[in-house]
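K.L.:
What follows is a single structure, and I will ask about it in a moment.
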Amino acid sequence: MLNRTAIESSSTLAPVVEVSQLSRTVAADGGAALHILEDVSFSIRAGEAVAIVGASGSGKSTLLGLLAGLDTPSSGTVRIRGQDLFALDEDGRAALRGASVGFVFQSFQLLPALTALENVMLPLELAGRHDARQEAEAWLGRVGLSARLGHYPRQLSGGEQQRVAVARAFAPRPALVLADEPTGNLDVATGEAVIELMFSLNVESGTTLMLVTHDTALAARCGRSLRLSAGRLVTG
């Protein structure tokens, strides 16, 4: 694991995320162009915790989808660990996501037919890890769920499901974790516990963390914020 000194020294290396002149335009009713994102540029260093903030409709979710390679831009580039995401075909982008990106969603997105253990094992198995079970057990232990390994999502509380999702995101030790309103479906106390966990893992592992959030208190805890307004980056 990287310690804080290692994280700080990594700032001299290439950014984990580089976004250059990124735009996304779609056709609105009547054929008019609707600019969802316009000329967005920024970079994120290894180990940073960055909030993406802005009003509903400002382009936050679209930006997250582009960073994940789940959507394609009208123009501009996204580089993850130096790799131009959109120079890859769909299979290539999926491989890059599997190797370098973890996800935490507001609605948890656990597979209902798999146990907590199996949900965390899945990305490890897809990465070819022969120790997937042992590693998944260790990560579920780190998030306080050692007694819930065999439970299915329907048998877990919302907070427990989100902790499984956090373990699943961090277990493959990705360079980048993207979190979309990770406390949106949780009560205040449970949400705070999940956020404490995510920030702790961010520091311990050196994984870059990007959070989409409406929560100003949560955004203030990140090292910096990227504010979107009508698809444009207005502060950094």
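The values are calculated or read from the model by the stated rules, or taken from the named source; none is laboratory data. In this text, all values refer to a predicted model and were calculated from it rather than measured experimentally. Positions of Cβ are generated from backbone atoms using ideal geometry, with glycine treated the same way; all protein chains shown enter the neighbour counts. Surface accessibility is based on the protein's heavy atoms, side chains included, excluding ligands, DNA and RNA. Shrake-Rupley method; radii C 1.70, N 1.55, O 1.52, S 1.80 Å.
K.L.:
How large a share of the accessible area of segment 89-169, in percent, is made up of carbon and sulfur atoms when the probe is 1.4 Å and the other protein chains stay in place?
P.N.:
50
K.L.:
Please list, in chain and number order, the residues 5+ apart from VAL177 or on another chain whose amide H is under 5 Å from its amide H, with Hs placed from the backbone.
P.N.:
GLY102, THR208, LEU209, MET210
K.L.:
Now for a separate question. Under a 1.4 Å probe, what is the accessible area of the chain per residue, stated in Å²?
P.N.:
The answer is 47 Å² per residue.
K.L.:
Which helices count as membrane-span-like in the chain under these terms: full DSSP H, at least 20 Å along the axis by C-alpha, Kyte-Doolittle mean of 0.0 or more?
P.N.:
188-205
K.L.:
Pairs of alpha-carbon atoms within less than 8 angstrom and 6+ residues apart define the contacts here; what relative contact order does segment 104-192 have, in percent?
P.N.:
43
K.L.:
On to the next question. Taking the Cα centre of the chain as the origin and placing charges on Cβ (Lys, Arg +1; Asp, Glu -1), which of GLY223, LEU124, GLY82 is farthest toward the positive end of the dipole?
P.N.:
Checked the options; the winner is GLY223.
K.L.:
With the cut-off at 22 Å, report for segment 139-236 the share of all Cα pairs above it, as a whole percent.
P.N.:
The calculated P(r) of segment 139-236 puts 32 percent of pairs beyond 22 Å.
K.L.:
Compute the orientation-averaged projected area for the chain from the convex hull of its Cα atoms and round it to one decimal in nm².
P.N.:
Working: hull surface 53.3 nm².
Taking the Cα atoms of the chain, their convex hull projects to 13.3 nm² on average.
K.L.:
Keeping all protein chains in place and using 1.4 angstrom, which order do PHE86, PHE170 fall into by accessible surface area, from largest down?
P.N.:
Result of the area sort, largest leading: PHE86, PHE170.
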